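The structure appears right after this line, and notes come after that.
Coordinate-derived values only; no laboratory data. Just so you know, these numbers come straight off a predicted model, no measurement behind them. Note that each Cβ is placed from the backbone with ideal geometry, even for glycine, and that neighbours are counted across all protein chains shown.
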Amino acid sequence: MPRRTDIHSVLIIGAGPIIIGQACEFDYSVTQACKALREEGYRIVLVNSNPATIMTDPEFADRTYIEPITPECVEKIIVREVEEMKRMGAKGKLVLLPTLGGQTALNTAMALTKRGTLEKYGVEMIGAKADAIERGEDRQIFKDLMLSIGLDVPISGTAHNLDEARAVAEKIGRLPLIIRPAYTLGGTGGGIAYNRDEFEVMAKRGIELSPVSEILVEESLLGWKEYEMEVMRDKADNCVIICSIENFDPMGVHTGDSITVAPIQTLTDKEYQIMRDASFAVIRAVGVETGGSNIQFGVSPDNGRMVIIEMNPRVSRSSALASKATGFPIAKIAAKLAVGYLLDEIKNDITRETPASFEPTIDYVVTKIPRFAFEKFPQADPTLNTQMKSVGEAMAIGRTFKESLQKCLRSLEIGRSGLGGDGKPWRIGADVYEDRGQPLPRELITQKLSSPNAERIFFIRHAMRAGFSVEEIFNLTKIDRWFLVQIKEIVDFEEELAAVKN
Amino acid sequence: MMNAILALEDGSVYRGPGFGAKAEACGEVCFNTSMTGYQEILTDPSYKGQIVTMTYPLIGNYGINPEDIESWQPHVAGFVIRELSPVVSNWRARQSLAEYLEKNGIPGIQGIDTRALTKKLRVRGALKSFISTKDISDEEAIARAKNWPGLIGVDYVKEVTHKKPFLWDEKDEQSGQFELARGANKNTPLKTLPAADIPIVAFDYGMKYNILRRLRQHGFKVQVVPATATAEEALKFKPAGIFLSNGPGDPSALVYAVQTASDLVKSGIPIFGICLGHQILGQAFGGKTFKLKFGHRGGNQPVKDLVSGRVEITSQNHGFAVDPASLPTDVIVDRINLNDQTVEGMRHKKKPIFCVQYHPEASPGPHDSTPLFAEFRELIKKS
């Protein structure tokens, strides 16, 4: 199937200012898309409010608007461009590609749909249609959809009184439980109950606080293993997995703030293939027609139960990582798929001979570690949770996990050569500890391991030096023993090296 | 720790820590690009006579479990990896990879540069080699590799085929699909098996369990016969169709199997062949097979269905291929490999026969080709 000939101009929305949670990865993806589509002879109209981006360099688009990314403003641009195309005597139409500029672009495109702007001016959305975006983004619609196609999700139920709440808790059958009151401002009155008493108190308070006297009780996946799949789909419904990712940090930490590793390390092929099948089922059910999606899974470390957490019907931060990790240019190919190409019609950039309809297989390990800047935000709570707090990331490739981890820690540019053993002192709060001196206090280590934070990876070393066993560290962190034993090998080798020096 | 050696016929020698059994073996060294599924690969009878190296460097992470075996024992001659996991981490694991290989008498070597080895194999093609975890000099090890007669013309099928016919899983205890625990959605429609209403005969050239499971899951009642069974013997079971399995080694060494297949082709019965079964059918049609330089082994081979235009990501394990130029005009090539354009599927224009060069049963590998089993069912129903 050749590229579409009914398109004249493609409107691409950028991601706006660089903020925490939305950084230069979308400059990368939009720039790639502009190049790929211009190469195909389409006229590119770009909107982005941030002039300090590569994409706004004049050579990437035929017309660049450095304007606020608001529905009102983009509507004005559409009006202008439709007129401009008329004046040019353009044969084809104007289309909107919303899936490369992150959440900002997606939200703006959705707003334009809801206002009726796109319909009014006959602007078609390519890549993902509005209803697909809605199915992917709305939590309840998505959850119901997953159940309807036979996939598993966290168990939950609504309650209007304590008896109902107890019944839901009974159905879930284990603690902790998440309580979310309906329609309270910012979710006030919600929380996680770790025991029966806490549950009773929270459920009662939640029902009282909710204007409709309703709470959602949901099973907590804290401590479960977290995985991600990067999927691509073309118009002929060919689907491929570009990259599988295993999170070092278990569920509870935003994947952008998690240390992540590609490919998946601790799943058997049977389990991996179930996840692969589920990924395709999700992208098809949500209805992302072409391009990439990121799908997140939680897996119980005790019995392998696999639940769908969420999906991003667009190019995401993980896509940038997956592209660099595998050499498969997701953004560029997503753009080509959006204008009608099929995966087997696009050449693989690495081999230049074989087509893009393949699944990259790698003979190395990729580690990504987020970079934080809490020193610049003294008021911010440095505990990691489901809201992204990192300002960037480093990525490293190695033939072993140990090699990639050490290279990655060094690349963070926080002055460390790796996990430790480089002779530089450790500053923890107001205290300073020697690198290879007495082990750090056990209480401090226990505290730093029990809740996720930016330095936790280093505290695993401190803990091992202080004599904590892998099992003890696992119980505090729920980080998979496979990762912990790998770190143990690095720490043991540090001792071996030190012994030789002495 | 044991010291291990891998010596190749070209004189190169790799030394590294040994694992598994204290043993030695000759074999053809080949590489597999799957990132998961080492347990299935070890127990696939198609690997008889081969020393397998995994291109993915970290192996053994999830250990060995009772569900993922694909036959009664591992068949590889030796196993070559970059780094053996010091720990096993998966809720299904019952033992470590090293323990498993030790129990089954298979030598392993780790810590060598498997990337350099793979690059060599890509240029030189699969090489005769020798692996040992015993004390042996470089010279002697190289000599052992050189003196090994190799795979060409050798019949390994006779070594891995079941010697007697048997009916697969009469009580329906082993054919259910692997499923994970469920929470919010307890629906597991895949676990219940349909009625086994179509009797077929499956020729076992070195068959994996998952083929039998998949056939049963699609409503076939499967009578397995040894590779050496004749067409007459097979047809005595009054099957509605014939399945030709995968298997090890050089397809041109299997004169008896090709004879049986030509007799079956003549009989007009519906036939579905995979991997070695596809190569045997190719010869039965009057075509020829040839040895690929370094073969297709892995779970990411793109195959294009030339009729529908769709692309499947397939699981493959073969060192030989059918030469399309040698095929008669009533056989069409309907699937090709997008990496090297080699034949991946054939279909007879007049008879109800089709075959694929890859593994629709996966295990390990993607499930994209599972519909081929349903296609076989349709084909039988139509004829």
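Quickly rank A:415-425, B:206-216 as a protection proxy: mean count of other C-beta atoms within 10 Å, highest first.
B:206-216, A:415-425
Taking H as built 1.01 Å from N, whose amide H comes closer than 5 Å to the amide H of residue B:31, not counting residues under 5 places away?
Amide H neighbours of residue B:31, under 5 Å, 5+ apart: B:53.
To the nearest 10 degrees, how steep is helix B:138-147 against the longest Cα principal axis of chain B, on a 0 to 90 scale?
Helix B:138-147 and the main axis of chain B meet at about 20 degrees.
From Cα pairs below 8 angstrom and at least 6 apart in sequence, can you work out the relative contact order of chain A, rounded to a whole percent?
Reported as a whole number, the value is 13 percent.
Taking each pair of distinct Cα atoms in the protein assembly as shown once, what is the resulting Kirkwood hydrodynamic radius in Å?
29.6
Please list, or write none, the aspartates and glutamates whose alpha carbon is within less than 17 Å of the alpha carbon of residue B:382, excluding same-chain residues fewer than 8 places away.
Counting by Cα, and skipping residues close in sequence, residue B:382 has these aspartates and glutamates nearby: B:197.
Just to check I understand the Karplus step: with θ = phi - 60° and J = 6.51 cos²θ - 1.76 cosθ + 1.60, what whole-Hz values come out for segment A:58-67, glycine and proline as x?
My calculation for segment A:58-67 gives x, 6, 8, 9, 6, 9, 10, 9, 9, 9 Hz in order.
Which entries in the list B:48/B:163; A:225/A:332; A:129/A:389; B:288/B:351; A:270/B:119; B:119/B:288 go over 22 Å, if you measure between the two C-alpha atoms of each?
The answer is A:225/A:332; A:129/A:389; A:270/B:119; B:119/B:288.
Which lysines, if any, have their Cα less than 29 Å from the Cα of residue A:204, not counting same-chain residues under 8 positions apart?
A:143, A:171
Which lysines does residue A:76 reach when only Cα atoms under 21 Å apart count, and residues fewer than 8 places away in its own chain are ignored?
Qualifying lysines at Cα under 21 Å: A:86, A:93, A:114, A:120.
Let me have the relative contact order for segment A:292-354, percent, based on Cα pairs under 8 Å that are six or more residues apart.
Relative contact order, segment A:292-354: 25 percent.
If you average the sequence gap of Cα pairs under 8 Å that are 6 or more apart and divide by the length of segment A:1-131, what percent do you get for the contact order?
Normalised by residue count, the contact order of segment A:1-131 is 31 percent.
Under a 5 Å amide H to amide H cut-off, with H placed in plane at 1.01 Å, what residues pair with residue A:182 once short-range neighbours are removed?
HN-HN under 5 Å from residue A:182: A:214, A:215, A:216.
Can you tell me the order of B:324-333, A:348-357, A:401-410 when each peptide is scored by its average per-residue count of other Cβ atoms within 10 angstrom, highest first?
Highest mean packing first, the order is A:401-410, A:348-357, B:324-333.
Show me, for segment B:231-239, the HN-Hα J-couplings you get by feeding each phi into the Karplus relation (A = 6.51, B = -1.76, C = 1.60, θ = phi - 60°), rounded to Hz, glycine and proline as x.
Per residue, the Karplus-derived 3J(HN,Hα) values read 4, 4, 4, 5, 5, 4, 6, 6, x Hz.
Between residue B:192 and residue A:375, what is the label-to-label distance in nm when each label sits 7 Å out along the Cα-to-Cβ direction?
Label-label distance for residue B:192 and residue A:375, simple model: 6.4 nm.
In whole Å, what is the distance between the alpha-carbon centres of segment A:365-440 and segment A:283-306?
After rounding, the separation between the Cα centres reads 29 Å.
Counting partner chain Cβ atoms within 10 Å of every residue's Cβ in A:260-266, what's the average?
Mean shielding by partner chains, rounded to a whole number: 4.
Please report B:307, A:470 as a ranked list, fewest other C-beta atoms within 10 angstrom at the top and most at the bottom.
Exposure proxy ranking, most exposed first: B:307, A:470.
Determine which residues of segment B:9-53 fall in the zone a paramagnetic label at residue B:135 would reach in this model, i.e. backbone nitrogen under 20 Å from the point 7 Å along Cα→Cβ.
Answer for segment B:9-53: B:14-25.
So how strong a dipole does the protein assembly as shown carry about its Cα centre when Lys and Arg Cβ are +1 and Asp and Glu Cβ are -1, to the nearest 20 debye?
1400
Identify the residues of segment A:440-462 with backbone N under 13 Å of a label point that sits 7 angstrom from the Cα of residue A:192 along the Cα-to-Cβ direction, or state none.
A:450-453
Quick one: of B:164/B:208; A:488/B:22; B:164/B:236, which pairs are farther than 18 Å apart, Cα to Cα?
Where the Cα-Cα span goes over 18 Å, the pairs concerned are A:488/B:22.
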